[in-house]
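Peer 1: Structure below; questions to follow.
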Ligand SMILES: Cc1cc2nc3c(=O)[nH]c(=O)nc-3n(C[C@H](O)[C@H](O)[C@H](O)COP(=O)(O)O)c2cc1C
């Protein structure tokens, strides 16, 4: 059975790629993912906030050295011992490259055009096979329009393209007014792929102490349908690699995304909850299904149920919504 797939200009042995998560912080976990069948790995992100904070600390430190502020110098680490987050990230990237045979995709996470993005160049030099850019922006400013936010995505991508020659994957939020147009603009600006979708972890309210809490609620399979629709709509309409992220917990979820047209399927919550071996179960389930249905390659199934392939393409748009609402029938016990 031929499970190979093309992704960001690379030939992968199968379409399963763990998305950015703490599992890539440990070489041991990353090795376990590779052994379980991962075809590539996306590293956890280097965050703009971390880079900026460390740069500010470094500037303050160097300023103290310049001005000979002796007392402060005693408390500050020696300049050459200053091992910051970026250096640790690059070290981790080099270690992953040395220990794994599969491609390693580095990840940057931020929102503003600026100096932090120049670290992409070091990531390329450290051996990253590709780069993912996650622009997690909550558009809460009433004075900033949607088109300004979209333009920022294009600017950040353009800046990144000036830094590196490796493929760039854009991890997108589902909150664009015109998703298909946004993807087309990113393609024109030189992206190699898109990951659909960045999961917006929501703040929660603790009703006992009336405070906000940052609680991690892992995803469920139902969430994968959002990416499934958009991948189905985009398949055959863009030359970008299409990665599906969010809500993949079973081989059935993965099969649906491949049928919709995904080039790769990303896993995160499942691997955090059940460990790297869950990858093997999903992979085996997809192979068993392919065998049962008589499919010999991923190429055979990719996009078979995409918008351009189905008898009624409007089922991926408003018609589907109307049909779903129409399909509801009351349980007699609920009335009255
Ligand atoms: C604990 C945790 C850490 C994550 N870290 C990152 C990260 O550093 N960068 C990133 O782009 N996404 C990160 N994500 C998002 C995942 O890569 C993924 O896109 C998201 O969780 C949806 O996939 P899932 O439903 O399979 O969990 C993280 C998710 C979790 C749960």
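Rule-based calculations on the coordinates, nothing more; no lab input. Keep in mind it's a predicted model, so treat the numbers as computed, not measured. Positions of Cβ are backbone-derived with ideal geometry, glycine not excepted, and every protein chain shown enters the neighbour counts.
Peer 1: For a label point 7 Å from the Cα of residue 317 along Cα→C-beta, name the residues of the range 168-203 whose backbone N is under 15 Å from it.
Peer 2: Flagged as within label range: 178-181.
Peer 1: Would you work out if the range 172-259 is rounded, prolate or oblate? Take a ≥ b ≥ c from the square roots of the eigenvalues of the alpha-carbon gyration tensor; rounded if a/c is under 1.5, else prolate when a/b is larger than b/c, oblate otherwise.
Peer 2: Oblate, since a/c reaches 1.5 and b/c is not below a/b.
Peer 1: If each of residue 138 and residue 325 carries a label point 7 Å out from its Cα toward its Cβ, how far apart are those two points in nm?
Peer 2: Between residue 138 and residue 325, the simple spin-label model gives 3.0 nm.
Peer 1: Right, something else. For the chain, what is the calculated [θ] at 222 nm in deg cm²/dmol (nearest 500), taking -39500 (n - 2.57) for each run of four or more DSSP H residues and dividing by its residue count?
Peer 2: One gets -12500 deg cm²/dmol as the mean residue ellipticity at 222 nm.
Peer 1: Could you calculate the contour length gain from residue 2 to residue 148, that is, 0.36 nm times the residue separation minus the distance between their Cα atoms, to one decimal place in nm?
Peer 2: 48.2 nm
Peer 1: Next question, about the same structure. Return an integer: the convex hull volume of the alpha-carbon atoms of the range 117-274, in Å³ per residue.
Peer 2: 152
Peer 1: If neighbour count is taken as other Cβ atoms inside 10 Å, put 279, 290, 10 in order from fewest to most.
Peer 2: 10, 290, 279
Peer 1: Let me ask another. Sorted from fewest to most neighbouring beta carbons within 10 Å, what does the list 7, 153, 44, 201 look like?
Peer 2: Ascending Cβ contact count within 10 Å gives the list 201, 44, 153, 7.
Peer 1: Can you sort 197, 47 by how many other beta carbons sit within 10 Å, fewest first?
Peer 2: If I rank by nearby Cβ atoms, fewest first, I get 47, 197.
Peer 1: Still on this structure, please answer the following. Just to confirm the number: angle between the C-alpha axis of helix 278-293 and the first principal axis of the chain, 0 to 90 degrees, nearest 10?
Peer 2: The angle comes out near 30 degrees.
Peer 1: With the cut-off at 1.5 for a/c, could you classify the range 226-336 from its C-alpha gyration tensor as rounded, prolate or oblate?
Peer 2: Oblate shape, in that a/c is at least 1.5 and b/c is the bigger or equal ratio.
Peer 1: For the range 5-329, what is the convex hull volume of its Cα atoms per residue in Å³?
Peer 2: 191
Peer 1: Take the Cβ-Cβ distance between residue 159 and residue 217 as r, set R0 to 45 Å, and report the resulting FRET efficiency rounded to the nearest 0.05.
Peer 2: For R0 = 45 Å, the calculated efficiency reads 0.85.
Peer 1: By how many nm would the segment from residue 184 to residue 28 grow when fully extended, if each residue of separation counts as 0.36 nm and the alpha-carbon distance is taken off?
Peer 2: Taking 0.36 nm per residue and subtracting the Cα distance, the gain is 52.3 nm.
Peer 1: Find how much the distance from residue 310 to residue 202 grows on full extension, using 0.36 nm per residue of separation minus their present alpha carbon separation; answer in nm with one decimal.
Peer 2: Extra length from residue 310 to residue 202 when fully extended: 35.4 nm.
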